[in-house]
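Below is one structure, written out as C-alpha cells; the observations come after it.
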Amino acid sequence: MHTFQNYSNGRLVGSARSFESVNPATGEAIGLVPHSSPEQVAEAVAAARAAQPAWATRPDAERKALMGQLAQAIKDNAGMLAEWITREQGKPLGGVGEGQVPGAHFEVWACEVWTQVPASLDLPVEVVFEDATRRDEVHRKPHGVVAAIAPWNWPLMIAIWQIIPALRAGNTVVLKPSEYTSIGTLELVRVLGGLLPPGVLNTVSGAGDVGAALTEHPGVDKITFTGSTATGARIAATAARSVTPTTLELGGNDPAIVLPGTDPKAIAMGLFWGAFLNMGQTCACAKRLYVHSSLHDAVVAELKALALAMPMGDGMQPGMAMGPVQNRMQYDKVVALVEDARAGGATIVCGGNPEPGPGNFYPLTLVTGLADGARLVDEEQFGPVLPIVRYDDVEDAIASANRLGAGLGASVWGPDAAQAAAVAARIQAGTVWVNQHGAIHPMVPFGGTKRSGWGVEFGVEGLKGMTRGQVISVKK
Ligand code: NDP
C-alpha cells in the first residue's frame, strides 16, 4: 500500500510510524499516512520560522502572483484532488454549478476560488488620525508562524481557508490535517508546496498527539483551528499560557426558522441542502428546524420527498447525491441521537434504519414530534439527520434558536425578506441567512459567537485576522 508523505522544508518526508486511511464507503484502507514524531513537528516549525522573514519581506506583488499560481495548480490537479476527497472523505464527486451535486469537484473548485480571492485583496496602511500635530497609521504585520489544524468534513477546502490568507499576509504555515482525511490534504500541499520557497508551507500528520505537539510549540505565533468546541477550548487554554492569538471555528447547532406564510415548495430545495450538504457534516448546516404549525406538515412532506429521491452510495459511482458518514465515531453519534429520539417517542418520518454492510452509510433521516431539550435538538448531530420542531408563536421560535450555547449560523425563511431580516437580527449567531442557509462567500466574514468560537475567516476581515496591527505615530 502506498505511503503518503508530509511536505516539510521543501521536501517530502516520511515517518517511522504510519497509520491507515480508510475509505468510508467501503471500509477499505486506501493508503498509509505518516505519524509525525515530536522531532518532525519541531523541524517543520523551525523551517517555517526560518522561511518567514524572507517570505514577509518579499514584494507584495510577488506574493500575490504566487497565490495566482497556486490557484492554477489546484485547477490543473482538480481531477486527482477530487478523487482523493471522494475516496477518503466520502462526498460524491458531483459537479460545479446550478443543478449539480455539491460534492468533491465543488470542494476543489472552492479551493481555487478561496485562493484567488485572498490573492486579490490588499491591506493598505490606514490613516486613523491626522491633525496639525500628528499622523497615526495602522500597518498590518504578519504574526509569523501559523499553526493550522484542519478538520475532516471539508479536508481540502477548510485547509485552504487556513493556509491562503496566512500566506497572503506574509506568514508561513505548519498544517496538521485530520487523521481521518490526511491523504487528500497531503496531496494538496504536495501540489502547492513545490511552487513556494522551502519552509513556507509545511505539514505534520498524525493522530492523538501531533496536534498538541504543534500548538504547544513555542515557535508558533498564531493558531487557527476548525473542529469541536471541546478541542477548541483545550487549544485556547494552551494558547493562553503563551498569549498566542487564536482563530477558533468550532461548529454549531444552527437553527432554521420557517415563518408563517412561506411557500413550502419554494424553500424545500434550499432547506434540504442547507441541512444535508455533505451529509450534514458541515459546521454551518441547519441542524434543527423550527416550522410554524400552519406549514409543519407541508414542509415535512416536501423535505421527505427530496430525501427519498437522493441516490446514496459510493461517491466514485456516477449519479450519487449522497455518500457515507465520514467516520465511525460520527456514525455512532448519529445512531445514538436517533435512537434516543425514537426511545423518547419521536416520529421517524424517513430513514433511521441503516442497512448493515460495508461503509458508514446512514439514510437521510427526518424526525418530528420533538421539543427543545431532546438530545437530537440540543446536541450537534453533524450528520444526515434533521429534527423538525413545530412552533406557534415566532417569539417562541426566536427563544428556542437562542437558548443553546452554539452561535455559528442560523437562517430565517419567509415570504417577506424585510420581515425575515428583522427576525434574523434577533438571533444570536455569527451569520444569519435569510431564505438561504450556509451561503458562505469568500468576500464575506464568517465566524461564530458564543461557544462556536471567535475570530472570522474570509474577506478583508479574515485577512486581517492573519495579521496584527502596528501603529506608527509621527509627531509633526
Ligand atoms: P476534534 O475537534 O477533536 O479535532 C481533532 C483534531 O484536533 C485532530 O487533528 C487532533 O490532532 C487535533 N487536536 C486534538 N487535541 C489538540 C490539542 N490539544 N491541540 C491541538 N490540536 C489538537 O474533532 P474530531 O475529528 O474528533 O470530531 C469531533 C467533533 O467535532 C465531531 O463530532 C463534530 O461534531 C465536530 N467537528 C466540527 C467541525 C467543524 O467544521 N466545525 C469539523 C469536524 C468535526 P491530534 O489527534 O494529533 O491531537
Exercise. Please give the helices (runs of 4 or more DSSP H) falling wholly within the stretch 378-476 in which 2 or more residues are assigned by TED's automatic domain parsing to the domain that holds Ile235 and among the hydrophobic types (A, V, I, L, M, F, W, C).
Key: 459-465
Quiz item: Which fully enclosed helices (runs of 4 or more DSSP H) of the stretch 127-219 have 1 or more residues being more than 15 Å from the ligand (Cβ to nearest atom) and farther than 30 Å from Phe276 by Cα?
Solution: 157-168, 182-193
Exercise. Consider Lys304 carefully, then state whether it is charged (D, E, K, R) and either at pLDDT below 95 or not in a helix (DSSP H, G or I) (or both).
Key: no
Exercise. Identify the residue in the stretch 220-261 that is in a strand (DSSP E or B) and of a type in the set (S, T, N, Q) and, among all such residues, is nearest to His296 (Cα to Cα).
Key: Thr226
Quiz item: For the stretch 53-90, how many residues meet the condition of being open to solvent by less than 70 Å² (accessible area, probe 1.4 Å) and touching a strand residue (DSSP E or B) at 6+ places or on another chain (Cβ under 8 Å)?
Solution: 3
Quiz item: Of the residues that make up the stretch 66-79, is at least one at pLDDT below 95 and either of a type in the set (Asp, Glu) or closer than 28 Å to Val460 by Cβ (or both)?
Solution: no
Practice problem: Test each condition in (1) touching a strand residue (DSSP E or B) at 6+ places or on another chain (Cβ under 7 Å); (2) open to solvent by 30 Å² or more (accessible area, probe 1.4 Å); (3) within 28 Å of His217 (Cα to Cα); (4) of a type in the set (A, V, I, L, M) for Ala44 and report the one that comes out false. | Solution: (2)
Practice problem: Sort through Gly94, Gly103, Gly99 and tell me the only one that's at positive phi and either open to solvent by less than 20 Å² (accessible area, probe 1.4 Å) or touching a His at 6+ places or on another chain (Cβ under 9 Å) (or both). | Solution: Gly94
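Per-residue answers, yes or no, for (1) free of Cβ contacts under 8 Å to residues at least 40 places away in the same chain; (2) in contact with an Asp or Glu (Cβ under 7 Å, 6 or more places away or on another chain); (3) assigned by TED's automatic domain parsing to the domain that holds Val146; (4) open to solvent by less than 20 Å² (accessible area, probe 1.4 Å):
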residue	(1), (2), (3), (4)
Ala230	yes, no, yes, no
Ile267	no, no, no, yes
Thr282	no, no, no, yes
Ala301	yes, no, no, no
Lys304	no, no, no, no
Ala307	no, no, no, yes
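The values are calculated or read from the model by the stated rules, or taken from the named source; none is laboratory data. Keep in mind that what you see is a predicted model, and the values were worked out from it rather than measured. Glycine gets a Cβ as well: all are built from the backbone with ideal geometry, and neighbour counts include every protein chain shown. With ligands, DNA and RNA removed, areas are computed over all heavy atoms of the protein, side chains included. Shrake-Rupley method; radii C 1.70, N 1.55, O 1.52, S 1.80 Å.
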